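Participant: Before I ask anything, let me first share the structure, which is written out below as structure tokens.
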């Protein structure tokens, strides 16, 4: 299970403050804590900044790279901001994210190839968010076809079936899960399946419980990557337990014991 | 038409462990030896291993009385003299490592004091230039008396010392941490317990690249396939990224293979089985050859003829030439 830590995001008030004050130590600390908690990669999102977001992205990437050397997921709706992040990134990078929309793919696929980055693709397109699993699979197929046409290796593609808040679109939680097995059969090698987990619990009072329940369900359906809060210890324990139950990791009595060496 | 070879790629990598230290590194060995570092299954050709498996020869401070004559015969002039035995292993038979088993402290045997064990270790260390593997007698309380003395006497030599077992690992780990040695961790034919033991040892502060795994003892006809499959699963888990199973593997074969009646029985007892002098070493060598295929990084052998055969096997299998 590939875990991308979600905490370096300008949507969080403390991160917005750190960005505003260029408090590199606070960002570096957040990066280190997420990696220590088990994140394999870190998402970097400037959030809604008034000033030049490309410059903010560059600063964030540089600051995080000084603290850790894990891969970075460069997260922005704007291709120019993503390009700025990729330029600053020394190690492995992921683009977060394209969609199935022609315009997005045309902008981001070449960018991924230029920088040797992996690509996260949301299964939405010009028509908006699909209503069921079949419609998600249809967009996924279009994305995979485009990637193959462009010569982009499909095992560097992370398909996101779009997780919606249970409080707002309850029926969609199940549709996103149902889309996962279909995604895996689209091509060889199979694409990765990623979810932006925390969205499922937006606007609810039991956020952690809902997140970790959904994560276990998604893993059982073939999801092998997630953007989530690694500082949620219960969530990470469920992730490790599900890995063991799915025979992805060898069981031992101490499998939950924190040991830096195991990560 | 050209055929494209399919190479399997794995996300994980087996840790490298270095045994022995040169004078520049604070020891007295002619050179240090490194094992592990694999990024694919053994000898599969997907990715050549940076370090070939090592052949160690076992030297005992007390020879079991029931050893058959055809095992004693080639070593007759050195049995009971560990330093000379060790020297013969290196100079005459080309052993990469000497594996010294300190059996004499066992309370059911000689119940030798720790001082005697330390003297033996010192003598062997002086006799040979190669790195040492040191094994205890297997009696927990006695090992815990002997180990700290042995690790202190060999401080800086970066030996590989065992066996740390789930019931008794703390004293050895603390001693190895203090004196800069590697730990050989044993969990008999149980991958779950092997992983658990690794976690426990790591939590005491020993880095994962100072542990070598010993997933059990078995020989041809006596559990070989169980140990083989456990070694294979450990390697697969390590390659898949499980750092608590990504350590190199050791197999102590000689003493186990020579327990098999097929290796021991005298010729007159079973003429149909062929010459005893060949049968015993063959039993040992066949066991070792299997474990090499399963991923053993160190095989510990007894009979010189088995050593010669296994050295040939390693040379033929290894994608990289021997170090040095």
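Participant: Take the stretch A:243-254 and flag every residue that is under 20 Å from residue B:11 (Cα atoms) and either in contact (Cβ under 8 Å) with a residue 12 or more places away in the chain or at the interface with chain B (Cβ under 8 Å from one of its Cβ atoms) (or both).
Facilitator: Listed by number, the residues that qualify are A:243, A:246, A:248, A:249, A:250, A:251.
Participant: Taking residue A:190, is it within 22 Å of residue A:245 (Cβ to Cβ) and part of a loop (DSSP other than H, G, I, E, B)?
Facilitator: The answer is yes for residue A:190.
Participant: What number goes with the only condition from (1) touching a residue at least 40 places away in the same chain (Cβ under 8 Å); (2) surrounded by 17 or more Cβ atoms within 10 Å (Cβ to Cβ); (3) over 19 Å from the mean Cα position of the chain (by Cα) that residue A:135 does not pass?
Facilitator: (1)
Participant: State the number of residues belonging to the stretch B:199-224 that are part of a loop (DSSP other than H, G, I, E, B) and within 14 Å of chain A (Cβ to nearest Cβ).
Facilitator: Total meeting the criteria: 5.
For (1) without any contact (Cβ under 8 Å) to a residue 24 or more places away in the chain; (2) within 29 Å of residue A:169 (Cα to Cα), each residue gets a yes or a no:
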{"position": "A:64", "(1), (2)": "no, no"}
{"position": "A:68", "(1), (2)": "no, no"}
{"position": "A:106", "(1), (2)": "yes, no"}
{"position": "A:130", "(1), (2)": "no, yes"}
{"position": "A:141", "(1), (2)": "no, yes"}
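Participant: Moving to a separate point now. Spot the failing condition for residue A:165; the list is (1) in a loop (DSSP other than H, G, I, E, B); (2) within 14 Å of chain B (Cβ to nearest Cβ); (3) under 17 Å from the mean Cα position of the chain (by Cα), and only one is missed.
Facilitator: (2)
Participant: Further question: Just to be sure I understand, how many residues within the stretch A:150-168 are touching a helix residue (DSSP H, G or I) at 6+ places or on another chain (Cβ under 9 Å) and either surrounded by fewer than 23 Cβ atoms within 10 Å (Cβ to Cβ) or on the phi > 0 side of the Ramachandran plot (or both)?
Facilitator: 11
Participant: Please determine, by comparing only the residues of the stretch A:224-237 that are closer than 27 Å to residue B:233 by Cβ and in contact (Cβ under 8 Å) with a residue 60 or more places away in the chain, which one is surrounded by the most Cβ atoms within 10 Å (Cβ to Cβ).
Facilitator: A:226
Participant: Is there a residue being at pLDDT 95 or above and under 17 Å from the mean Cα position of the chain (by Cα) anywhere in the stretch B:194-207?
Facilitator: Within the stretch B:194-207, one or more residues are at pLDDT 95 or above and under 17 Å from the mean Cα position of the chain (by Cα).
Participant: A further question follows. List the helices (runs of 4 or more DSSP H) that sit entirely inside the stretch B:252-324 and contain at least 1 residues that are surrounded by fewer than 18 Cβ atoms within 10 Å (Cβ to Cβ).
Facilitator: In the stretch B:252-324, the matching helices (runs of 4 or more DSSP H) lie at B:261-264, B:276-294, B:304-317.
Participant: Would you confirm, using the coordinates I've provided, whether residue B:23 is modelled with pLDDT of 95 or more, over 29 Å from residue B:105 (Cα atoms) and surrounded by 18 or more Cβ atoms within 10 Å (Cβ to Cβ)?
Facilitator: Spelling it out, it is not the case that residue B:23 is modelled with pLDDT of 95 or more, over 29 Å from residue B:105 (Cα atoms) and surrounded by 18 or more Cβ atoms within 10 Å (Cβ to Cβ).
Participant: Another question, then. Only one residue in A:174, A:212, A:240 is within 14 Å of chain B (Cβ to nearest Cβ), assigned to a helix (DSSP H, G or I) and either at negative phi or surrounded by 22 or more Cβ atoms within 10 Å (Cβ to Cβ) (or both). Which one?
Facilitator: Criteria check complete, one pass: A:240.
Participant: Applying the selection to the stretch A:156-171, what residues are within 25 Å of residue A:214 (Cβ to Cβ) and touching a residue at least 24 places away in the same chain (Cβ under 8 Å)?
Facilitator: Residues satisfying the conditions are A:157, A:158, A:159, A:160, A:161, A:162, A:163, A:164, A:165, A:166, A:167, A:168.
Participant: Now a separate question. Filter the stretch A:120-149 for residues that are in a loop (DSSP other than H, G, I, E, B) and within 13 Å of residue A:102 (Cα to Cα) and give the result.
Facilitator: Within the stretch A:120-149, A:123, A:124, A:126, A:127 meet the criteria.
Participant: Name the one entry in B:187, B:277 that is in contact with a helix residue (DSSP H, G or I) (Cβ under 7 Å, 6 or more places away or on another chain) and farther than 30 Å from residue A:1 by Cβ.
Facilitator: Exactly one of B:187, B:277 is in contact with a helix residue (DSSP H, G or I) (Cβ under 7 Å, 6 or more places away or on another chain) and farther than 30 Å from residue A:1 by Cβ, namely B:277.
Participant: Of everything in the stretch B:214-233, what is within 15 Å of residue B:36 (Cα to Cα) and out of contact with any helix residue (DSSP H, G or I) (no Cβ under 6 Å at 6 or more places or on another chain)? Give them in sequence order.
Facilitator: Across the stretch B:214-233, the qualifying residue is only B:214.
Participant: Being surrounded by fewer than 21 Cβ atoms within 10 Å (Cβ to Cβ) and within 16 Å of the chain's Cα centre (by Cα) narrows it down to one residue among A:199, A:206; which is it?
Facilitator: Just a single option satisfies the conditions, and that option is A:199.
Participant: Name the single residue that is nearest to the other protein chains (Cβ to nearest Cβ) among those in the stretch B:225-253 being touching a strand residue (DSSP E or B) at 6+ places or on another chain (Cβ under 7 Å) and within 14 Å of residue B:192 (Cα to Cα).
Facilitator: My answer is B:234.
Participant: Hey, could you check the stretch B:177-198 for residues that are within 8 Å of chain A (Cβ to nearest Cβ) and surrounded by fewer than 20 Cβ atoms within 10 Å (Cβ to Cβ) and say which is farthest from residue B:158 (Cα to Cα)?
Facilitator: Restricting to residues being within 8 Å of chain A (Cβ to nearest Cβ) and surrounded by fewer than 20 Cβ atoms within 10 Å (Cβ to Cβ), the top hit is B:192.
Participant: Another one. Please tell me if residue A:187 is out of contact with any strand residue (DSSP E or B) (no Cβ under 6 Å at 6 or more places or on another chain) and within 14 Å of chain B (Cβ to nearest Cβ).
Facilitator: The answer is no for residue A:187.
Participant: For the structure I just gave you, tell me whether residue A:219 is crowded, with 21+ Cβ neighbours inside 10 Å, away from every other protein chain (no Cβ under 14 Å), under 22 Å from residue B:196 (Cα atoms) and under 21 Å from the mean Cα position of the chain (by Cα).
Facilitator: Considered against the rule, which asks whether it is crowded, with 21+ Cβ neighbours inside 10 Å, away from every other protein chain (no Cβ under 14 Å), under 22 Å from residue B:196 (Cα atoms) and under 21 Å from the mean Cα position of the chain (by Cα), residue A:219 comes out as no.
The rows are residues; the columns are (1) in contact (Cβ under 8 Å) with a residue 12 or more places away in the chain; (2) touching a strand residue (DSSP E or B) at 6+ places or on another chain (Cβ under 6 Å); (3) in a loop (DSSP other than H, G, I, E, B).
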site: B:12; (1), (2), (3): yes, no, yes
site: B:46; (1), (2), (3): yes, no, yes
site: B:71; (1), (2), (3): yes, no, no
site: B:87; (1), (2), (3): yes, no, no
site: B:95; (1), (2), (3): yes, yes, yes
site: B:99; (1), (2), (3): yes, yes, no
site: B:103; (1), (2), (3): yes, yes, yes
site: B:109; (1), (2), (3): yes, no, yes
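The values are calculated or read from the model by the stated rules, or taken from the named source; none is laboratory data. All values derive from a computational prediction rather than experimental measurement. FYI the Cβ positions are ideal-geometry reconstructions off the backbone, even for glycines, and counts take in every protein chain you see.
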